[in-house]
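As structure tokens, the structure follows; a few thoughts come after it.
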Amino acid sequence: MQANLQGKKLVAVVGLGRLGSQVARTLYQLGHDVLAIDQDEQRVQTLTGEVTHPVRGDATNEAVLRELGIHNYDVAIVAIGANVQANIMVTVLFKTIGIPYIVSRANNELHANTLERIGCDKVIQPEAESGTRLAHLLFTPEAQEYMELTSAYGISRIKVPDRFVNMTLQESGFGHVRDKYGVAVLALKRGDDITLSPDGDDRLEAGDVMVVAGRDELVGRISSP
């Protein structure tokens, strides 16, 4: 299943360890409404002011989830790490409640296969994903890679959106003046060919990939219609 992840979303993050806290903070910084849930009061307090709703609660309890209005959320991220049983249980509850897009953390291949079989839309493994990178790749649909430079600034490799095909960089709003998107196009990749610091007259083709640098919220605008 591929959900529409463009625009501001209601996102629930369960499990506020390193991965969960990082993805919750990043999603909030990107402008999404974030409900962050954990049974550890200290972890919840740490996110006060850094997410929309930090809540201490047991996400394995369906009544608790429904009381929090979880059925209204667009995306749920299960970042519980050590307790595999709780991880799977929460994922099943989100699936039962009808969350449109569910992301769950897996500790190993067997765990990952189990999550996929119960209908999880995306399975992640912490060794391969950071919370910051995961947040950007989920909510910037054209992004293929993301590298954080600071908490609000990064470099992304983005597939050229269809609306820019057959336009020059200047015509599409990039060029050298950066007047529309406020980002710098560092390189243009076409097949095996790479053009560093492309000119405003360079024309974009279907399948091209741009490497851009800028503030996170500005990079996100590239994928918006």
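Derivation of every value follows stated rules applied to the coordinates shown; laboratory data play no part. It should be emphasised that the depicted structure is a prediction, and the values quoted were computed from it without experimental measurement. Positions of Cβ are generated from backbone atoms using ideal geometry, with glycine treated the same way; all protein chains shown enter the neighbour counts.
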Going by how many other beta carbons lie within 10 Å of each one, how would you line up Glu109, Glu62, fewest first?
-> Glu109, Glu62
Interchain or long-range residues, amide H under 5 Å from Ile80's placed H = Arg105
Over segment 10-138, relative contact order from alpha-carbon pairs under 8 Å, at least 6 apart, % | 26
Ranking Phe164, Phe174, Phe94 by Cβ neighbours within 10 Å, fewest first, what do you get?
-> Phe164, Phe174, Phe94
Across all directions of projection, what mean area in square nanometres is found for the Cα convex hull of segment 10-138?
-> 6.7
Compare the peptides 166-172, 118-124 by average per-residue count of other Cβ atoms within 10 angstrom and give them in order, highest first.
-> 118-124, 166-172
